[in-house]
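What follows is one structure encoded as structure tokens, with my remarks underneath.
The values are calculated or read from the model by the stated rules, or taken from the named source; none is laboratory data. The model shown is predicted, which means the values in this text are computed figures rather than measured ones. Every residue, glycine as well, gets a Cβ built from its backbone with ideal geometry; the counts of neighbours run over all protein chains shown. Just the protein is used for accessible areas: all its heavy atoms, side chains included, with ligands, DNA and RNA removed. Shrake-Rupley method; radii C 1.70, N 1.55, O 1.52, S 1.80 Å.
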Amino acid sequence: MEEAFIPVMPGQKFKFGCGPSVSCFNDCCHDLNQFLTPYDIICLKNSLGITSTEFLAKYTTRHAGEQTGLPVIALLTDPATDLACIFLTENGCGIYDARPSSCRMYPLARLARRDRQSGVIREEYMVIRESFCMGHGEGEEWTSEAWIENQGLALYNEMNDIVMEIISLKNVKMPGALDLRSSFLIETALYDLDRFKTEIVEGESFDAPPEMIEAARNDDVELFKLAVEWLKKTVF
């Protein structure tokens, strides 16, 4: 498969469209290696009406990142259908409204870097052109800003940027392989929020302002932010 990555400057337009009328529709949902972010899992498990623990057990596999050593969660694929996404149906994506951020972002790629001194996130975008994709030149013209708004990516990007803090801390303070305890705590806090809430937040020894705990009980985004702060203090 041939690929090209074409930088897209702010305000610069690209043309792209995808749907049943495009000849390659659903091809990108096969032969898949789909990594999930913590916020992907929040949206998917809520859409399916199950807990994060149930979602992880039923729909994912776990790996360790080659460079970071951090837990990596991947979506299961169906070996009987050319490693298709487990949520792919004859009519397309079966969880479209809760689809992962990488599906929403395509054909864009986002590179984000946090300035070590200022903490400011700096973004760059590129259009990915792959030989199998017939969507280029179809549909409407987009800027990267318009595409992000159209695909509902703002909160996904914000949450993914929070994960960058954990990756940076891991690389600085705990280079190399993780011990079993640290790996378990990181995976639980980032990916298995329902378990984190039940076993840790509701524990008698959890140390956080009452208003933060109350907000976390009622909102998964606030719960995730609390989990990240807990990881910084407990693991790193």
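Looking only at residues in the range 191-212 that are over 18 Å from the mean Cα position of the chain (by Cα) and open to solvent by less than 20 Å² (accessible area, probe 1.4 Å), the one that is modelled with the highest pLDDT is PHE196.
For LYS15, the stated conditions hold: it is open to solvent by 40 Å² or more (accessible area, probe 1.4 Å) and assigned to a strand (DSSP E or B). When we screen CYS28, CYS24 for residues that are of a type outside the set (S, T, N, Q) and either open to solvent by 60 Å² or more (accessible area, probe 1.4 Å) or under 17 Å from the mean Cα position of the chain (by Cα) (or both), the only hit is CYS28. Does the range 111-118 contain at least one residue that is of a type in the set (A, V, I, L, M, F, W, C) and crowded, with 18+ Cβ neighbours inside 10 Å? No. Set side by side, the residues GLN67, GLN117 differ, and just one is among the polar types (S, T, N, Q) and either within 30 Å of PHE184 (Cβ to Cβ) or under 17 Å from the mean Cα position of the chain (by Cα) (or both), which is GLN67.
The rows are residues; the columns are (1) in a loop (DSSP other than H, G, I, E, B); (2) open to solvent by less than 30 Å² (accessible area, probe 1.4 Å).
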position	(1), (2)
ARG129	no, no
PHE132	yes, no
GLU138	yes, no
ALA146	no, no
GLU149	no, no
TYR156	no, yes
MET159	no, yes
VAL163	no, yes
SER168	no, no
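Scan the range 46-55 and give yes if some residue there is under 21 Å from THR188 (Cβ atoms), crowded, with 17+ Cβ neighbours inside 10 Å and among the hydrophobic types (A, V, I, L, M, F, W, C), otherwise no. For the range 46-55, residues under 21 Å from THR188 (Cβ atoms), crowded, with 17+ Cβ neighbours inside 10 Å and among the hydrophobic types (A, V, I, L, M, F, W, C): present. Filtering the range 56-102 to residues that are small (Gly, Ala, Ser), open to solvent by 50 Å² or more (accessible area, probe 1.4 Å) and modelled with pLDDT under 90 leaves ALA64, ALA80.
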